[in-house]
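Encoded as structure tokens, the structure appears first; notes follow it.
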Amino acid sequence: MVNLILFGPPGSGKGTQSAKIIDKYGLLHLSTGDLLRHEIGNKTPLGLEAQKFMDQGLLVPDEVVIGMISSKLDANPDARGFIFDGFPRTTAQAEALDKLLALKKTAISVVLSLEVPEEELIKRLLNRGLTSNRPDDASEDVVKARIVEYHNKTAPVADHYAKFGKFKKVKGDGTVEEIFDLLSKEIDELLG
Ligand code: B4P
């Protein structure tokens, strides 16, 4: 079983590349951003709670996203492997994920980190904001708040996995296909 984390700051292309990876490798895609937007779209209590944080560019509380991921893992016992997109985003989430996977007698195989210059991230997100209707892409202030959250809370997740030799950086600026080729090489190596 192969379990990947696609890691990187907001706008680094995690969602874009995940879509291509699931097509090629048949892994199950778990994107906390997509799951949260689904809850918001259905106006569930969880969604209404999450929206307050997301609209300000802040991370949603750990217990909310950990609970969502735990349910998805339980609901898919026969998956060949998972690609975690946008999760874990804090060290507490990473520790919880390690425990959840250990209960299923598996573990993270590798964390692939998309490295993109900050000015390119801001450009991509504001550009998506022109058409996406996503409040968290709509203004430069909120986009910058997301990048600050990333540096303060998410970047330390890299150290958590580097300790186990599972953290790899991949160049994340270039065309979508160029980046996908680099990611595919890493995954092919893993699959042997
Ligand atoms: P996410 O939905 O995870 O989204 P993201 O970080 O904005 O983007 P991603 O890196 O996937 O970029 P994408 O491919 O879309 O998070 C949204 C919010 O949800 C968070 O801020 C937080 O509030 C909440 N949340 C989610 N998970 C959480 C967690 N675990 N804990 C707490 N809170 C959580 O690409 C972005 C844009 O760039 C697109 O327009 C794309 O077309 C473009 N693009 C992609 N690759 C490109 C390339 N190579 N060249 C040019 N443009 C490119």
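Taken together, the values in this text are just the output of simple stated rules run on the coordinates, not laboratory data. Bear in mind the structure is a predicted one, so any value in this text is a computation, not a measurement. Cβ sites come from the backbone with ideal geometry, for glycine too, and all protein chains shown count toward neighbours.
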- request: Could you work out the longest stretch of the chain that avoids the trypsin sites (Lys or Arg not before Pro) located in DSSP loops with at most 16 other Cβ atoms within 10 Å?
  value: 106-162
- prompt: What list of ³J(HN,Hα) couplings, whole Hz, do you get for the stretch 79-87 from phi and the Karplus terms 6.51, -1.76, 1.60, once you set θ to phi - 60° and write x for glycine and proline?
  reply: 4, 6, x, 10, 10, 8, 10, x, 8
- prompt: Which of K43/K144; K14/K171; K163/K185; K43/K153 have a Cα-Cα distance over 19 Å?
  reply: K43/K144; K163/K185; K43/K153
- prompt: Using 7 Å Cα-to-Cβ label points, what is the D78/K171 separation (nm, one decimal)?
  reply: 4.2 nm
- prompt: Under a no-solvent Debye model with one identical scatterer per Cα of the stretch 2-181, what's log10 I(q)/I(0) at q = 0.11, 0.20 Å⁻¹?
  reply: -0.45, -1.63
- request: Can you pull the one-decimal nm distance between simple spin-label points at L100 and K20, each 7 Å off the Cα toward Cβ?
  value: 2.7 nm
For a label point 7 Å along the Cα-to-beta-carbon line of E118, residues of the stretch 7-42 with backbone N under 14 Å: 9-10
- request: Let me know the Kirkwood hydrodynamic radius for the stretch 1-63, please, with Cα pairs as the basis and the value in Å to one decimal.
  value: 13.1 Å
- prompt: How long is the stretch 104-149 along each principal axis, judged by its Cα atoms, biggest number first, in Å?
  reply: 43, 23, 19
task: Using Cα positions and a limit of under 14 Å, work out the aspartates and glutamates in reach of K52, with same-chain residues fewer than 8 apart set aside.
output: E39, D136
